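Engineer: Take a look at this one; I'll ask things after.
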Amino acid sequence: MPLDTEYYEFSAEIERIEEAMQDIAETLGPLDPDNPIVPTLEQQGSQLQSQADGLRWALRTWDVDGVTLAGLTGGEYGHVEDGMGEAGPGKARVYFVAKGTVEAPYVDEEMSLDDRVASASGLHIGYLRWADARVSELMSVEGNDGTRFNDLLVEARQKQTSTDD
């Protein structure tokens with residue numbers, strides 16, 4: 001049984017991503033191009049653009065408004081890792097999306113992992129990036145009141161940016 005399952009509406013996700021891109025653009029705008037945080041922010045913006053493009057592709061391609069994704073348990077994660085063998089991040093992304101998809105036009109519950117992987121490998125790269133990020137979020141433990149590394153990293157980068165200005 002997956003750790004957490006969530007239905008994602010494509011239009012709402014596109015809006016969320018566009019707001020995040022706007023935030024990054026507003027942060028980047030006043031920065032000197034030589035600021036060391038600039039390449040990271042530009043890459044984040046590009047990744048978000050790719051995800052939004054993938055979601056727009058999904059809206060045009062499928063006759064659904066969204067999909068249901070799930071975080072993987074340790075056993076499911078291990079099963080996927082074992083099936084991948086030696087894999088880079090691209091192959092890993094396809095496997096995790098294949099295993100983390102509960103309900104979507106590209107899978108059905110009778111499909112084996114190999115069939116799911118074959119189906120997921122034909123998806124738009126932006127959609128795969130988006131779905132992989134959502135599956136990863138669903139694997140994290142929410143509400144544990146602990147400090148999260150990503151929050152610390154964002155804060156540290158903001159402090160660096162403010163002292164570089």
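The values are calculated or read from the model by the stated rules, or taken from the named source; none is laboratory data. Since the model is a prediction, treat every value here as computed from it, not as a measurement. Cβ atoms come from the backbone with ideal geometry, glycine included; neighbour counts cover every protein chain shown. Protein only, heavy atoms only, side chains kept; ligands, DNA and RNA dropped before computing areas. Shrake-Rupley method; radii C 1.70, N 1.55, O 1.52, S 1.80 Å.
Engineer: If I filter region 109-119 down to residues being out of contact with any Lys or Arg (no Cβ under 9 Å at 6 or more places or on another chain) and not hydroxyl-bearing (Ser, Thr, Tyr), which single residue comes out as most open to solvent (accessible area, probe 1.4 Å)?
Structural biologist: The selected residue is 109.
Engineer: Identify all residues within region 32-67 that are open to solvent by 20 Å² or more (accessible area, probe 1.4 Å) and outside any helix (DSSP H, G or I); write none if there are none.
Structural biologist: Once the filter is applied, which keeps residues that are open to solvent by 20 Å² or more (accessible area, probe 1.4 Å) and outside any helix (DSSP H, G or I), region 32-67 yields 32, 33, 34, 36, 62, 63, 64, 65.
Every residue, every condition in (1) surrounded by 13 or more Cβ atoms within 10 Å (Cβ to Cβ); (2) of a type outside the set (Asp, Glu); (3) assigned to a helix (DSSP H, G or I), yes or no:
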{"position": "69", "(1), (2), (3)": "yes, yes, no"}
{"position": "75", "(1), (2), (3)": "no, yes, yes"}
{"position": "78", "(1), (2), (3)": "no, yes, yes"}
{"position": "94", "(1), (2), (3)": "yes, yes, yes"}
{"position": "105", "(1), (2), (3)": "yes, yes, no"}
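Engineer: Given the condition in contact with a Leu (Cβ under 6 Å, 6 or more places away or on another chain), in contact (Cβ under 8 Å) with a residue 60 or more places away in the chain and not hydroxyl-bearing (Ser, Thr, Tyr), answer yes or no: does some residue in region 83-102 qualify?
Structural biologist: Checked region 83-102: at least one residue is in contact with a Leu (Cβ under 6 Å, 6 or more places away or on another chain), in contact (Cβ under 8 Å) with a residue 60 or more places away in the chain and not hydroxyl-bearing (Ser, Thr, Tyr).
Engineer: Also: In this structure, is residue 148 in contact with a helix residue (DSSP H, G or I) (Cβ under 6 Å, 6 or more places away or on another chain), surrounded by 12 or more Cβ atoms within 10 Å (Cβ to Cβ), under 30 Å from residue 36 (Cβ atoms) and modelled with pLDDT under 95?
Structural biologist: no
Engineer: Let me ask another. Do we have residue 123 as closer than 18 Å to residue 53 by Cα, among the hydrophobic types (A, V, I, L, M, F, W, C) and either buried (at least 18 other Cβ atoms within 10 Å of the Cβ) or within 11 Å of the chain's Cα centre (by Cα) (or both) here?
Structural biologist: It is true that residue 123 is closer than 18 Å to residue 53 by Cα, among the hydrophobic types (A, V, I, L, M, F, W, C) and either buried (at least 18 other Cβ atoms within 10 Å of the Cβ) or within 11 Å of the chain's Cα centre (by Cα) (or both).
Engineer: For region 21-31, how many residues are open to solvent by 40 Å² or more (accessible area, probe 1.4 Å) and without any contact (Cβ under 8 Å) to a residue 24 or more places away in the chain?
Structural biologist: Residues flagged as open to solvent by 40 Å² or more (accessible area, probe 1.4 Å) and without any contact (Cβ under 8 Å) to a residue 24 or more places away in the chain within region 21-31 amount to 5.
Engineer: Take region 105-127 and flag every residue that is in contact with a Leu (Cβ under 8 Å, 6 or more places away or on another chain) and of a type outside the set (Ser, Thr, Tyr).
Structural biologist: Answer for region 105-127, where residues must be in contact with a Leu (Cβ under 8 Å, 6 or more places away or on another chain) and of a type outside the set (Ser, Thr, Tyr): 120, 126.
Engineer: Among the residues of region 5-20, which ones are open to solvent by 40 Å² or more (accessible area, probe 1.4 Å) and either under 15 Å from the mean Cα position of the chain (by Cα) or without any contact (Cβ under 8 Å) to a residue 12 or more places away in the chain (or both)?
Structural biologist: Within region 5-20, 5, 6, 7, 9, 12, 15, 16, 18, 19 meet the criteria.
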